[in-house]
Structure formats: C-alpha cells, structure tokens
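Worksheet: one structure, shown below.
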Amino acid sequence: MTSIDQVRGRLDEVITPHVVRSLTSMNLIRDIKIADGAVKITLASTALDEYSQNWITEKIKESLNGLPDIRNIDIAYIDAKPLDLNKIGRVIAVMSGKGGVGKSLVSGITAVALRRKGFEVGILDADITGPSIPKMFGITDRPGGSESGILPVTSKSGIEIMSINLLLPSEDEAVIWRGPLIGKAITQFWEEVLWGSLDYLIIDLPPGTADAPLTVMQSLPISGVIIVFTPQDLTAMIVRKAVKMAQQMDKHILGVVENMSYLYIKELDKKIELFGKSRAEEMAAAAHAPLLGKIPVDPDLAALCDDGHIEQYQSDFVDQMGEALTSSDSAKTSTGT
C-alpha cells in the first residue's frame, strides 16, 4: 500500500520551474492525503504562473504513475504568501562603513564557501544602487514568478540570487531612487521572494550606516554580521562606525574579513602589503570578533568575477571561511523564520 512518505519521496524529484529546486525544498507542498486509492496533493500557488502550475501538475502525475493502489491523483493549489512559506535558518549581513572594500566579493565568497559544505544558500543583494552579485555569478536570466510572488534565479552551483539588476531592462541601467524607495525594495526582496528552505541567506549591504543598512538591521531577523575592511588607515576608521552600528543595534558580529590584504608573488614566494600594514588583528579586537580571513589581491579571482565564474575560484581562505562560520555556535542560532 502506498504511503505518504512514498508520495513525498516522488514529489521531491519534481523540480520547480525557474529555480531548479524541488517542490519540497521550495516548501510548496502543503498537504498530502491518501484514501480509497486516491491521493490528493495540495500545493501553494505562490510565485507560480498558470504555465508553471500546469507543468508541475503533469510532472507530478508522471512521477506518481505506477505507485501501487493509486487509481486517482488530484492536485489542488491554494494561495499563500512567500513570507509564510520561507524557512531560513540563518540570515547573515555583510557590511562596512565604506564603499569599495569588497562587500559583494565577500558575500559571494561566503555563499560559495557555505554551498561547498553542502548547505542550501541564497544571496539577497541589498545594494540597490550598486548591485554586482549577478555579474560575479554570471547570471542574466530574469526572475520568474507571478502576482503572488517572485522566484529567485539559481546560480550554476545552486545558490539562489535576487538582485535589482535582474529586474532592470539592462544591467547598466541606473537606479536613481531616494532612501524610502530603496528600503521598500529591500523589504520586498525579503517578504515577496519565495526563497523556500535555506540554511543561510547572505545579505550584501550597501556601504554606510544610513537608510538601507538600517532597514535591514531593523526589519530582518539578522543572525549575525560580517564586517569587511581593507588595510588603509582611513578605511579602518570608517569601518569602526559599522562595528558600532552593529553593536548598538544588538547584532552579533560573527567575524571580520580583511580584503586586498596583500599581493602574493609566487616567483619570489613573498607577500607584499600594497595598501599598508595589515590591520586584521586590530579590527578583530575592535569588533570583539574572530578574524574570518585575509583575502589577497588575486588577479585570478578578479578575472573570474569579471567573467561571472566566482563559483570556480579555489583558495584556502574560501574553505577557511566556510569552516569558521559553520563551526561558530553563534552562527548556528536559528532566526525562527
């Protein structure tokens, strides 16, 4: 006799259009009932247009075909808000008090590192006026969805991504918005995007401590913050402002990352500190948080980001970043989303 677990196992093989993740991982399965040779499956219609619903219906019937004792398959769709379906374990904000220090790079590397450890990961690009996440991951597809919600775009390695750049007519289109509109867009990316089940959602914040970072800190259930900086004296001073903002808003700092820390000359086996002496330990002490890593000036990494292949980058610090975050007890605190 067919069991609910057997049906659920078959449904786990049915992929949600656009995001290339299963119905189960997107939390679209709301109920399964079996009685008198009939199975009734209730799905959320969230972010699914009519074509997607019809496609899923056919795939489910194909998947369940041949199960013993099942003579009739009934599939129904109900309304649900994305926010009610999303189950996100940990929300990590990547921030700095200054622009140009590599927050997007660190956000991308963090997502890649966690994905390589087998976690389900997403990136919410909250840098509305300067989005660069899609470029680094080589994503040009527009998000799918319907009036009931938006589906993120999935990268080559399976990282879900949502960015304003994916909604613009062209990637070089300028977003000339005032603070309230930017804050609203960030909130919509949290509330109206169907993220499904994720272990980690990385939020790439814009620089500074004004409207956009404040919106994220106040409106989203942040589990922890990663502070990014470069060795320069001026940068270190400004980044301390971000540290104080996180502390004043009672957001736990998971660690700090020093970007452009040094240039390694392989032929000489020598590290050259292009932007001055490293301030990694100093900033870690100021933030009362561990040093997660020092990212070198690496032409290979720059080329991969420019070509949209950041997921191909191999380096010890990428592995160290994933290990440091997942071994931290504070990073494992669930947001309850």
Report task. Name the single residue, out of those in region 189-209 being part of a strand (DSSP E or B) and of a type in the set (Asp, Glu), that is farthest from LYS87 (Cα to Cα). Result -> ASP204
Query raised in the report: Would it be correct to say that ALA303 is in a helix (DSSP H, G or I), among the small types (Gly, Ala, Ser) and more than 25 Å from the chain's Cα centre (by Cα)?
Result: no
Query raised in the report: For region 273-300, how many residues are in a loop (DSSP other than H, G, I, E, B), over 26 Å from GLY138 (Cβ atoms) and of a type in the set (A, V, I, L, M)?
Result: 2
Query raised in the report: Tally time: how many residues in region 113-153 are assigned to a loop (DSSP other than H, G, I, E, B) and aromatic (Phe, Trp, Tyr)?
Result: 1
Query raised in the report: LEU268: hydrophobic (A, V, I, L, M, F, W, C) and in a loop (DSSP other than H, G, I, E, B), yes or no?
Result: yes
**Report entry** Lone qualifier among LEU268, LEU274 - being of a type in the set (A, V, I, L, M), loosely packed, with under 12 Cβ neighbours inside 10 Å and modelled with pLDDT under 90
**Finding:** LEU268
Query raised in the report: closer than 30 Å to LEU301 by Cβ, surrounded by fewer than 23 Cβ atoms within 10 Å (Cβ to Cβ) and at pLDDT 95 or above, is that true of ARG90?
Result: no
Query raised in the report: Which of the following residues is touching a strand residue (DSSP E or B) at 6+ places or on another chain (Cβ under 9 Å) and not assigned by TED's automatic domain parsing to the domain that holds ILE164: LEU28, LEU124, LEU105?
Result: LEU28
Query raised in the report: Do any residues in region 44-68 that are closer than 19 Å to GLY144 by Cα have Cβ atoms under 8 Å from those of residues that are in a helix (DSSP H, G or I) and of a type outside the set (A, V, I, L, M), where the two are at least six apart or on different chains, and which pairs are they?
Result: SER45/GLN53; THR46/PRO82; ALA47/PRO82
Query raised in the report: Is there a residue in region 153-162 that is surrounded by fewer than 20 Cβ atoms within 10 Å (Cβ to Cβ) and either outside the structural domain of GLY322 (by TED's automatic domain parsing) or more than 16 Å from VAL19 (Cβ to Cβ) (or both)?
Result: no
Report summary line: Of the residues in region 40-98 that are of a type in the set (Val, Ile, Thr) and assigned to a helix (DSSP H, G or I), the one that is nearest to SER3 (Cα to Cα) is ILE60
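The values are calculated or read from the model by the stated rules, or taken from the named source; none is laboratory data. Every value quoted in this text rests on a predicted model; they were computed, and no experiment measured them. Note that each Cβ is placed from the backbone with ideal geometry, even for glycine, and that neighbours are counted across all protein chains shown.
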